[in-house]
Amino acid sequence: MTMCRYITVIVLSTVFVFISAADITIFYQILEEQEPPLYLGNVASSSDLASIATGDEFANMRYSFLKTVGTYFTINENNGALSTNSKLDRETICPFQKSCVLQLRIGASSGTFFQPINVNVTLKDVNDNKPEFSETSIVLNIPEDADINTTYPVIGAVDKDMADNNSLQTYELLPDSGTFGLKFDHSLSGNIEVSILLKQTVDREVLSRYQVYLVAKDGGTPQRSSMLTINISVTDINDNKPIFSRKQYDITVPEDISVPNKILNITAVDHDAGLNGEVEFTLISSPSSDAQTFFAIDKTTGQLSVIEHLSHTKGAPLSLIVQASDKGTPPKSSQVALTITVTDVNDNPPEININLLSSGSTARANENSPNGTVVAYIGVTDKDTGNNGIVSCSLRDDTFRLSKLSSSQTEYKVLVNKVLDREKDIEIVVTVDCQDSGNQPLKTTSSFIVQIIDENDNFPEFLKSFYNESMVESDHTGIFIAKVTASDKDEEENAQVRYYVEQGNADKFYADPSTGVIRTTVPFDREMQDVYTFQVLAVDGGQTKAFTSTATVELHILDENDETPRFNQTSYEFKIQENLQSKTFVGIVFATDNDIGDNGKIKYSIKSRNGAVPFHIDPSTGTIQTNGILNREYKNLYTFEVKAEDFGAPSLNSTVNVQVMVLDINDNSPQILYPVQGNGSIKVSHLTPANSVVTKVEAFDPDNGPNGSLSFSIRSRNDNNLFFIESNTGKIFLSHSIQSSEIKDYLLVVEVQDHGVTPRSNSTEIKIRIELTKTSASTEASIGQNVLIVITIVCVTIVLSLAIIVIIFLIRRVDNNKLMKDYPPPGKEEFQISETIHLNTNKKSILTKETNLPSGYNTNTLSSGDRKEIHESSSDPLPHEEEHHRMASIRLHQKLLNSYNKPLLYHPDDRRQIWSKRHGDDTHSDLSEDVTSDSGRGGSEENVHHHQMYPRSGIVI
């Protein structure tokens with residue numbers, strides 16, 4: 001079940017509302033062709049949405065098209081007002097439809113509420129179109145024998161308006177002459193079929209054409225109409241026969257009339273049309289007469305001609321009948337009588353005699369002869385008398401003219417009347433016509449030839465005015481360039497052409513005078529000039545005056561690969577920082593080749609004498625980039641060659657030297673050679689004077705310039721400024737004399753820093769022990785005690801030495817057996833040296849040092865003297881032993897200070913390491929007895945490693 005509700009809005013349209021459970025349908029009616037915007041109605045009000053939606057939903061309702069027709073309508077999304085968006089033409093939207101309904105579908109939504117609304121807009125018609133004929137005019141053919149009341153259909157009109165009153169309603173035929181009327185038939189489809197009705201008979205010969213107008217009218221207000229022009233043609237029937245222009249034809253002809261000859265034109269007309277009006281003529285003679293054999297008539301034109309000589313006819317006039325017939329079916333015909341009278345006449349024509357001024361059968365005249373020049377004489381005679389013997393002559397060509405001789409009426413001179421041009425006419429035929437003055441004048445014709453003699457009045461003409469040629473550059477001469485050709489309209493010597501190159505280019509090109517072949521006389525280099533333009537002269541052979549013409553030759557010099565690529569510099573120097581990423585731009589080399597095309601196209605490549613270089617060059621641009629990361633400390637200068645090679649065949653190339661300097665960056669920290677970890681303490685006597693050198697920090701930096709220049713400073717200390725360091729040398733000095741309270745151990749942290757923009761640094765610890773040194777007075781007081789100690793030690797030492805010798809012998813035998821096991825094979829880097837100082841025969845060794853040798857060091861090369869054992873008592877010494885130990889330490893320290901600059905030399909070839917000393921390897925010096933575990937060089941693995949890498953700065957203490 002549905003509920004229907006109808007609402008009528010009387011503003012601009014009529015509204016009908018149909019509401020169902022699912023959809024709501026609204027009906028609007030509007031007139032077409034109204035200007036927009038035209039308000040149709042409010043969809044919200046018309047559909048009564050307020051009754052099916054809550055108050056909030058209705059207040060927040062939004063309206064939009066779900067389906068629309070073109071862009072004809074617009075809706076206010078907030079209030080649902082529906083309006084037109086453009087002018088609506090019913091005939092465009094609903095052509096030839098009785099009803100025009102536009103169906104829209106609108107969605108009303110608010111939150112979860114949605115209601116579709118169907119809107120049917122009926123577009124009402126207005127009378128805005130008139131009836132239209134498909135054509136503006138037509139042609140209608142009606143035969144002249146057509147019966148009355150015969151009908152002839154014509155096209156009807158169409159009205160786009162479809163409303164009953166606005167559609168086509170009636171037709172009217174204008175003017176109302178009484179000859180034609182209208183007849184209407186209604187088809188089953190409702191259309192009106194219109195026909196022209198013949199109300200009176202028509203006669204084509206009276207009036208062959210009519211023009212009437214068919215007017216179509218609609219029923220609208222105001223009424224609209226249109227008009228069709230109907231051109232009616234009355235078609236012919238054969239109802240007329242031919243009519244001659246005369247009732248009788250009489251003609252007189254002379255007996256000597258020429259054959260064939262037209263003597264009379266007979267005419268007849270037929271008022272019918274087409275074949276019914278076309279007339280053909282024939283001659284008819286009686287069976288006893290032969291007149292028809294002398295004459296003939298053209299059946300189409302009626303032209304009568306003499307076809308046989310009439311001198312053979314005798315007696316009375318000749319009688320003939322001419323019949324004219326049309327081509328209708330059946331044909332109609334008429335006849336007329338023809339009488340021909342043949343008269344006797346004088347038949348002697350004039351006689352012409354031509355006398356030429358030159359010998360031979362032709363007259364001669366120079367071209368450009370002046371007007372009035374005589375070329376021939378003519379004499380004329382006629383055997384007749386009277387007017388029949390009086391003769392006049394004329395020339396058919398006005399190039400020449402006739403002039404009577406003053407002494408005679410029958411003699412003429414032939415004179416030049418126009419300028420003669422041999423190049424236009426080599427010969428001219430002169431025709432003379434002479435005619436007598438008889439009633440039927442006779443004429444005689446005679447001709448002769450005038451030969452035109454050439455004069456040099458024409459310029460030579462080149463076959464081409466411009467020659468575009470090319471040749472490959474060459475260092476040879478006589479190379480063919482082109483062949484020029486010129487012709488001259490004159491003849492003989494005047495037409496003989498010779499060729500020359502213009503004066504300004506005659507030193508480079510030569511033209512053969514006879515053939516026109518052009519060749520080079522000098523070598524040509526395209527790189528110097530690639531285009532030459534010059535003139536070639538053509539001169540004819542005129543004797544009194546020669547004529548000259550010119551042609552232009554443009555010669556393009558083609559390239560040959562004869563130029564070597566040339567760099568724009570004799571050498572290149574580039575600089576680049578180390579450690580930049582691969583493919584970093586280094587520089588550009590540039591070469592040019594004066595050739596063109598492939599001969600001038602260059603590709604670049606790198607040539608290196610000493611193997612590959614870490615650079616790549618772009619073959620096309622010459623841009624050099626790195627192939628990897630450069631390390632200045634590994635190599636700071638690269639030298640190589642770049643080759644520039646063209647693409648010619650064969651190709652040419654050149655090279656240039658390139659130097660790339662690797663610039664330093666501060667990428668290395670200072671390396672400390674001495675002291676290093678494990679060196680032990682530096683021992684200083686408390687008697688050491690101020691400003692004395694205690695030790696020296698050795699370091700180096702592989703960087704260059706400021707990045708490798710070092711400064712030394714004490715970063716951390718616990719010495720109360722007892723020591724100071726020289727910043728540029730690393731030497732550590734005593735700042736003042738040592739006080740008794742300052743006799744103790746000290747720890748200094750020394751920092752070594754380079755001078756880079758962003759400096760890098762390293763540090764090391766230095767342990768310094770201040771030791772008490774006894775004076776000479778105390779030493780003398782204890783001499784007796786010391787002597788006793790020494791005697792005791794010597795005795796004990798002798799006994800122990802014997803025991804040690806035996807032990808050493810046994811140990812060495814064991815060592816020899818275990819040597820291969822204890823020392824690694826080549827490639828291992830570790831060996832052990834024990835140094836022992838015997839200060840107490842009852843004490844064990846307290847010092848063992850392990851030193852890493854260079855890789856590949858052969859331990860078998862060490863002699864027994866190279867391995868030393870030094871023992872130092874770990875118990876408290878006796879007073880004289882302690883004093884002896886301190887003295888030995890002082891002497892050792894002084895010895896070390898004097899020799900710490902000795903370099904360490906490493907020889908990889910003989911796999912040995914040599915400590916260079918002032919007096920050689922002294923194993924029995926005072927140092928061998930006085931060195932403690934805290935003194936000496938402290939040959940750590942790190943020191944050895946540095947001396948291997950940097951022998952230039954090796955230091956031994």
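The values are calculated or read from the model by the stated rules, or taken from the named source; none is laboratory data. Everything quoted here is computed from the prediction, not taken from an experiment. No Cβ is skipped: glycine too gets one built from the backbone with ideal geometry, and neighbour counts run over all protein chains shown. Ligands, DNA and RNA are excluded from the accessible area calculation, which covers all protein heavy atoms including side chains. Shrake-Rupley method; radii C 1.70, N 1.55, O 1.52, S 1.80 Å.
Assorted remarks:
- Residues Phe180, Phe459, Phe244, ordered by accessible area of protein heavy atoms at a 1.4 angstrom probe radius and largest first, appear as Phe459, Phe244, Phe180.
- Across the stretch 458-469, computed HN-Hα scalar couplings (Karplus, 6.51 cos²θ - 1.76 cosθ + 1.60, θ = phi - 60°) run 10, 7, x, 10, 6, 4, 9, 7, 9, 10, 9, 10 Hz from first to last residue, x flagging Gly and Pro.
- Karplus-based coupling profile of the stretch 412-426, in residue order and whole Hz: 9, 9, 9, 10, 5, 10, 9, 5, 8, 10, 5, 5, 8, 9, 6, with θ = phi - 60° in 6.51 cos²θ - 1.76 cosθ + 1.60 and x standing for Gly or Pro.
- log₁₀ of I(q)/I(0) at q = 0.12, 0.13, 0.15 Å⁻¹ - the stretch 422-557, Debye sum with one point per alpha carbon: -0.59, -0.65, -0.77
- Filter on Lys413/Lys489; Lys98/Lys160; Lys124/Lys183; Lys130/Lys199 - keep pairs with C-alpha separation over 21 Å: Lys413/Lys489; Lys124/Lys183; Lys130/Lys199
- Area of Arg632 that stays accessible when all protein chains are in place (1.4 Å probe, Å², to 10): 30 Å²
- Residues with amide H under 5 Å from that of Val497, placed H, sequence gap 5 or more: none
- Within the stretch 355-502: Cβ-based charge dipole about Cα centre, in debye rounded to nearest 20 (Lys, Arg +1; Asp, Glu -1): 860 debye
- Taking every protein chain into account, the 1.4 Å probe leaves Asp176 with about 130 Å² of accessible area, to the nearest ten.
- With 10 Å bins from 0: P(r) over the stretch 589-666, alpha-carbon pairs, percent: 18, 45, 25, 10, 3, 0
- Surface accessible to a 1.4 Å probe, Glu698 within the full protein complex, Å²: 30 Å²
- Of Val101, Val517, the residue with the largest accessible area leads and the full order is Val101, Val517 (1.4 Å probe).
- In the stretch 138-227, the alpha-carbon atoms span a convex hull of 100 Å³ per residue.
- Computed from backbone phi, the HN-Hα couplings of the stretch 528-540 come to 7, 7, 10, 9, 10, 10, 8, 9, 10, 9, 10, 10, 7 Hz, rounded to whole numbers (Karplus: 6.51 cos²θ - 1.76 cosθ + 1.60, θ = phi - 60°; Gly and Pro given as x).
- D (Stokes-Einstein, µm²/s), Kirkwood Cα radius, the stretch 554-609, 1.306 mPa s at 10 °C: 110 µm²/s
- Shown are Arg715, Arg812, whose ranking by accessible area with a 1.4 Å probe and every protein chain present, most to least, is Arg715, Arg812.
- Overall, the anisotropy analysis places the stretch 220-365 in the oblate class: the square-rooted eigenvalues a ≥ b ≥ c of its C-alpha gyration tensor yield a/c not less than 1.5, with a/b not exceeding b/c.
- Cut-off under 5 Å, modelled amide H: who pairs with Gln169 long-range: Lys217, Asp218, Gly219
- Förster-model FRET efficiency, 60 Å R0, Gln409 and Thr485, C-beta, rounded to 0.05: 0.60
- Kirkwood Rh (inverse of mean 1/r, distinct Cα pairs), the stretch 71-187, angstrom: 19.2 Å
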